[in-house]
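Worksheet: one structure, shown below.
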Amino acid sequence: MLEVSLRHRFGGFALDVEFTAPARGVTAIFGPSGCGKSTILNAVAGLLRPDSGRVALDGTALLDTAHGIALPAEQRRCGVVFQEARLFPHLNVDSNLRYGMRRAPRDADGPSFEEVVALLGIEGLLGRRPARLSGGERQRVALGRALLMRPCLLLMDEPLAALDAPRRAEILPFLARLRDAAAMPILYVTHALDEVDALADQMVLMDSGRVLASGGLEALTARTDLPLAARRDAGVLIAARITGHEASRGLTRLSFPGGALWVPLQTVPVGTALRLRLRARDVAVALTRPADVSVQNILCAVLREIAPTASPHEVFLHLAVGETVLLARVTRDAVARLGLLVGQEVWAMVKSVAFDHARLP
Amino acid sequence: MISLSPDEWQAIRLSLDVATRSVLVSLLPAIFIAWLLTRRRFAGRFLLDALVHLPLVVPPVVVGWGLLMLFGIQGPIGAPLHAWFGIRLVFTTEGAALATAVMSFPLIVRAVRLGLEQVDPGLEEAARTLGARPLDRFLTITLPLMSPGILAGAVTAFAAGLGEFGAVITFASNIPGETQTLPLAIYTATQTPGGEGTAARLALISFGLAMGGLLLADLIARRMHLWLGRG
């Protein structure tokens with residue numbers, strides 16, 4: 001586990017954060033530009049000395065200003081992927097990849113050179129100079145270089161921000177594979193929510209130098225008191241599993257804790273885990289089970305809470321389906337017409353389900 | 001083709017010798033000082049900067065005089081050098097090289113600094129995170145990336161060093177075969193009746209060498225930038 005607690009002032013800006021990240025998986029540090037995300041990463045990597053704070057990995061302090069501990073960056077063994085790749089221009093791809101590997105402790109364990117090269121699909125680039133690589137290729141090499149230094153911790157500072165949409169789509173699957181292969185905490189700084197959805201397990205939500213909320217991504221998306229709820233496609237993320245195909249009806253069954261959904265037939269095998277996004281605006285409610293509607297998914301739910309949205313005329317309904325909470329965005333008028341009350345049993349109609357394909361193994 | 005007398009050849013050889021030595025002597029200190037001035041913030045940085053640039057603005061004769069005071073047989077550095085190691089710099093080829101080195105030092109430092117300023121500190125940070133300690137980092141990342149500046153500085157200083165006059169004649173005097181480099185030989189020729197031909201030939205050669213040096217420096221810089229992928 002990674003523990004981070006930092007306080008730092010520079011100019012008129014004050015950073016004061018505290019959070020933890022699990023021993024495996026991606027913890028996204030999410031927030032608008034200039035909220036201090038990169039400062040956190042630099043302080044964890046040892047490239048910036050904060051006024052005070054503590055950074056500890058599995059109980060070992062990398063930084064502890066109270067006890068005068070501040071390991072230099074070159075001894076922290078944090079693999080860093082920068083936004084601009086930062087490959088060494090005078091070395092070819094092969095030498096870039098091996099730079100950190102040669103300097104890793106002898107007993108350090110990790111994937112072999114060949115494995116990493118295959119994982120990132122850069123076999124054909126080894127002899128080239130960085131100047132002769134595309135942006136996406138550079139970022140893949142940078143990922144490989146960070147992996148091959150045998151890091152105890154991976155830090156990614158908006159690794160896709162400098163790339164255009166097709167390049168981002170090219171890299172995302174590699175990042176997902178890396179996440180599944182890497183047995184270490186990964187801190188992933190970004191201001192793009194689609195990257196968070198695709199990669200993160202945990203999220204640290206930041207605004208102007210402070211942590212607004214942190215925790216499991218699914219749990220955070222179900223909260224309507226966070227800025228996340230203001231986005232157009234606000235809605236809950238659900239961890240689901242494919243539990244059956246009905247080819248004759250052209251449907252696939254997805255089970256989640258507390259219920260199941262039918263979606264158009266998928267090609268992935270039964271048992272596959274994936275992540276769904278159910279947008280609040282795609283969920284409607286009815287008092288009685290509607291018949292004669294085209295909507296495939298009608299779930300019995302308990303209305304837990306009626307929460308305000310950014311709009312004065314609309315509200316979020318928190319709907320508990322078993323242990324999973326869905327959000328529905330409806331008008332205040334609808335709430336009044338139906339006479340909705342907290343605790344009431346309603347029928348939730350889910351009009352569409354968005355998949356997060358990067359979750360697929 | 002111009003034919004040259006043995007004395008003229010000697011002046012050319014001596015000039016090349018002095019310029020080469022001066023570059024060899026000043027290169028490492030210049031890299032160190034350039035690194036200090038670019039990457040370190042310390043008290044006295046501006047004083048050091050001014051000191052390095054002094055030879056550019058002070059009359060060369062004054063630099064020569066200063067060297068004479070410091071490195072003369074009676075000088076605070078020259079006396080122990082002579083007493084302990086038997087090294088005498090005044091009126092010797094080594095002395096001419098030292099005077100030339102001091103004069104061209106600001107040129108090298110400037111070029112090396114320019115080269116160093118082109119090195120993205122982000123790359124050094126990346127090397128840090130990859131486990132490279134300071135000296136390792138400097139040798140494997142900073143030095144190769146600043147090498148165009150170092151080479152350009154060395155070639156420029158060499159070209160300029162071929163023609164150093166005031167400091168050399170003051171500190172090392174004008175001894176044929178010892179300290180009489182090209183410009184000194186030209187000066188002597190102009191002071192000698194019937195020396196017009198020698199002066200013209202040597203001047204032409206001076207011009208050619210300097211021009212060649214500058215072109216070479218430019219060519220090397222281009223090649224190196226290409227090699228570094230800067231296009």
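Things to note:
- Qualifying positions in region A:218-233 - exposed (fewer than 14 other Cβ atoms within 10 Å of the Cβ) and assigned to a loop (DSSP other than H, G, I, E, B): A:D225, A:R231, A:R232, A:D233
- Among residues of region B:32-69, those that are part of a loop (DSSP other than H, G, I, E, B) and in contact (Cβ under 8 Å) with a residue 60 or more places away in the chain, counted: 1
- Boolean, B:L209 is under 22 Å from B:A96 (Cβ atoms) and at pLDDT 90 or above: no
- Number of the exception - B:Q74 against (1) of a type in the set (S, T, N, Q); (2) farther than 23 Å from B:P183 by Cβ; (3) in a helix (DSSP H, G or I): (3)
- Taking helices (runs of 4 or more DSSP H) as the structural unit, those lying wholly within region B:113-207 and holding at least 1 residues that are aromatic (F, W, Y) and away from every other protein chain (no Cβ under 14 Å) correspond to B:143-161, B:166-171, B:182-191.
- Filtering region A:298-313 to residues that are among the β-branched types (V, I, T) and out of contact with any Gly (no Cβ under 9 Å at 6 or more places or on another chain) leaves A:I298, A:I306, A:T309.
- Within region A:66-93, if we keep just the residues that are over 28 Å from the mean Cα position of the chain (by Cα) and surrounded by fewer than 16 Cβ atoms within 10 Å (Cβ to Cβ), the residue that is nearest to the other protein chains (Cβ to nearest Cβ) turns out to be A:P72.
- Output for region A:131-152, where each listed residue is over 16 Å from A:L175 (Cβ atoms), touching a residue at least 60 places away in the same chain (Cβ under 8 Å) and either crowded, with 24+ Cβ neighbours inside 10 Å or within 11 Å of chain B (Cβ to nearest Cβ) (or both): A:M149, A:R150
- Every condition in (1) surrounded by fewer than 19 Cβ atoms within 10 Å (Cβ to Cβ); (2) more than 13 Å from chain B (Cβ to nearest Cβ) holds for A:E158 except the one numbered (1).
- Taken as a whole, the condition of being under 23 Å from A:E18 (Cα atoms) and part of a loop (DSSP other than H, G, I, E, B) does not apply to A:P89.
- Members of region B:208-224 found to be touching a helix residue (DSSP H, G or I) at 6+ places or on another chain (Cβ under 6 Å) and within 14 Å of chain A (Cβ to nearest Cβ), listed by number: B:M224
- Strands (runs of 3 or more DSSP E) contained entirely in region A:263-353, each with at least 1 residues that are more than 18 Å from A:A219 (Cα to Cα) and in contact with a Phe, Trp or Tyr (Cβ under 9 Å, 6 or more places away or on another chain): A:283-286, A:297-308, A:324-331
- Neighbours by Cβ (under 6 Å, 6+ apart or cross-chain): first from region A:158-169, in contact (Cβ under 8 Å) with a residue 60 or more places away in the chain; second of a type outside the set (D, E, K, R): A:E158/A:Q83; A:E158/A:V189; A:E158/A:T190; A:P159/A:V81; A:P159/A:Q139; A:A161/A:Q83; A:A162/A:Q83
Table: residues versus (1) within 16 Å of A:L41 (Cα to Cα); (2) touching a His at 6+ places or on another chain (Cβ under 6 Å); (3) surrounded by fewer than 23 Cβ atoms within 10 Å (Cβ to Cβ).
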residue	(1), (2), (3)
A:D180	no, no, yes
A:A183	no, no, yes
A:I186	yes, no, no
A:A192	no, no, yes
A:E195	no, no, no
A:M203	yes, no, no
A:G209	yes, no, yes
A:A213	no, no, yes
A:G216	no, no, yes
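- Hits in region B:126-144 - residues which are more than 28 Å from the chain's Cα centre (by Cα) and in contact (Cβ under 8 Å) with a residue 24 or more places away in the chain: none
- Residue ranges of strands (runs of 3 or more DSSP E) in region A:1-46 with at least 2 members over 18 Å from the mean Cα position of the chain (by Cα): A:2-10, A:13-21
- Condition check for A:P166: in contact with a Leu (Cβ under 9 Å, 6 or more places away or on another chain) and more than 19 Å from A:R275 (Cα to Cα): no
- Test result for A:Q344, assigned by TED's automatic domain parsing to the domain that holds A:R277, surrounded by fewer than 19 Cβ atoms within 10 Å (Cβ to Cβ) and within 18 Å of A:R279 (Cβ to Cβ): no
The values are calculated or read from the model by the stated rules, or taken from the named source; none is laboratory data. Fair warning: this is a prediction, and the values are worked out from it, not measured in the lab. Please note: Cβ atoms are built from the backbone with ideal geometry, for glycine as well, and neighbour counts cover all protein chains shown.
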